[in-house]
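Notes follow once the structure below has been shown.
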Amino acid sequence: MNGEIEDSPPRRSRDQLQVWVQEFRDQGHVVAGKIKVVDQEDADGQDTGLVVVSLSNAQASIYMQPRGYDEPLWEATLSARPDDLTLTPHEMASLAAELVIAGNLCSFLQFKSLDWDRRSGRHHESS
């Protein structure tokens, strides 16, 4: 051991987030839009990943990530829209359902992240 703590605090890489997103899908969650994990680097150039939900019932996306470096809690950001959105009652209910799924995904990722952090001393990943 070289005396340095590697990847402290634990980072959730793009690959790790893809595994968690697939696990969420495999649990049977119906997602009307698209979920993707995109590349994102922190200030040190470390791979941190970013989860993006592209909504199908609004021209908007939701970005999910930990609140900050060494933060156990996650946050979701709804991207800005260029103009007002007028919906029928059915379209509004469909959008609301998408937002519920996005909230569930963000909660799931937070849980997985907290569990990952708790067990981080037992992870041995190759660089």
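Within segment 18-35, residues that are within 22 Å of ALA96 (Cα to Cα) sit with their Cβ atoms under 6 Å from residues that are of a type in the set (S, T, N, Q) and outside any helix (DSSP H, G or I), at 6+ positions apart or across chains, in these pairs: ALA32/SER56; GLY33/SER54; GLY33/SER56; LYS34/SER54. Among the residues making up segment 43-91, those that are modelled with pLDDT of 90 or more, part of a loop (DSSP other than H, G, I, E, B) and in contact with a strand residue (DSSP E or B) (Cβ under 7 Å, 6 or more places away or on another chain) are LEU55, ALA60, SER79. Residue pairs whose Cβ atoms lie under 7 Å apart, separated by 6 or more positions or on different chains, with the first residue in segment 88-112 and more than 11 Å from ASN57 (Cβ to Cβ) and the second assigned to a helix (DSSP H, G or I), are LEU105/PHE24; PHE108/PHE24; LEU109/TRP20; LYS112/TRP20. Beta carbons closer than 8 Å, at least 6 apart along the sequence or on distinct chains, pair a first residue in segment 57-68 that is small (Gly, Ala, Ser) with a second that is at pLDDT below 95 and assigned to a loop (DSSP other than H, G, I, E, B) for ALA58/ARG81; ALA58/LEU85; ALA60/SER79; ALA60/ALA80; ALA60/ARG81; SER61/LEU55; SER61/SER79. Scanning segment 77-115 for residues that are within 20 Å of the chain's Cα centre (by Cα) and among the small types (Gly, Ala, Ser) returns SER79, ALA80, ALA96, ALA97, ALA102, GLY103, SER107, SER113.
Selection within segment 1-42: residues that are at pLDDT below 90 and in a helix (DSSP H, G or I). The member of this set that is surrounded by the fewest Cβ atoms within 10 Å (Cβ to Cβ) is ASP15.
The values are calculated or read from the model by the stated rules, or taken from the named source; none is laboratory data. Because the structure is a prediction, the values reported are computed rather than measured. Don't worry about glycine lacking a Cβ; one is built from the backbone with ideal geometry, like all the others, and counts go over all protein chains shown.
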